[in-house]
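Note sheet for the following structure.
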Amino acid sequence: MLETAERFTDHEGEPAVQQYLLLVGGLRTLARAEHAPNLILDAFLLRSLAVNGYAPSFDDCARCGMPGPNRFFSVASGGVVCGDCRVPGSVVPSAEAVELLSALLTGDWETADASQARHVREGSGLVSAYLHWHLERGLRSLRYVEK
Ligand SMILES: [Zn+2]
């Protein structure tokens, strides 16, 4: 979480209040053990992407806006895409994993906490791929989380 916050705020002299508040909120939630740590991390990463202008779409097609649910997911396109907009490299995640990520982004903890472990793992993989794409190079510390 700290490394991601640092990477998103490396413009000297520019205040990053939203990113700061997200980080404080995430660390507090982690310290109080209010949710599973990997869910707290993924929620933080998704919201960090959002406040920095890279919010992924989990419903409407990220390219043409076709109303969801859409079944393909493309990191390069910005989230889920429809059958017409899918590009090589698109994946077809489970509907449950996409629903989980949408819940984490919007703060629907009831849905997120009820997710099955395999959907949590699948969702984490998508978040990691998406974050890496937008930060251009991988975050070193994420490898330890993935283990
Ligand atoms: Zn489309």
**Request:** Might you tell me the accessible area per residue for the chain, computed with a 1.4 Å probe and given in Å²?
**Result:** 58 Å²
**Fill in**
Helix-only [θ] at 222 nm, the chain, -39500 (n - 2.57) per DSSP H run of 4+, per residue, nearest 500, equals -16000 deg cm²/dmol
**Prompt:** How high is the relative contact order of the range 73-115, in percent, counting Cα pairs under 8 Å that sit 6 or more residues apart?
**Reply:** 29 percent
**Prompt:** Sorted by accessible area (1.4 Å probe), largest first, how do L22, L45 line up?
**Reply:** L22, L45
**Request:** Can you tell me the relative contact order of the chain? Whole percent, Cα pairs under 8 Å, sequence separation 6 or more.
**Result:** 19 percent
**Prompt:** Tell me, what ³J(HN,Hα) does each residue in the range 111-120 have, in order and in whole Hz, if you take phi through Karplus 6.51 cos²θ - 1.76 cosθ + 1.60 with θ = phi - 60° and put x for Gly and Pro?
**Reply:** 5, 4, 5, 8, 5, 6, 4, 5, 6, 5
**Asked** From the Cα gyration tensor of the range 5-119, with a ≥ b ≥ c the square roots of its eigenvalues, which class applies: rounded if a/c is under 1.5, or else prolate if a/b is larger than b/c, or else oblate?
**Response** oblate
**Fill in**
Amide H proximity to V81 below 5 Å, modelled H, separation 5+ or other chain, gives A62, F72, F73, S74
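The values are calculated or read from the model by the stated rules, or taken from the named source; none is laboratory data. All values derive from a computational prediction rather than experimental measurement. The area values use the complete protein model at the heavy-atom level, side chains included, leaving out ligands, DNA and RNA. Shrake-Rupley method; radii C 1.70, N 1.55, O 1.52, S 1.80 Å.
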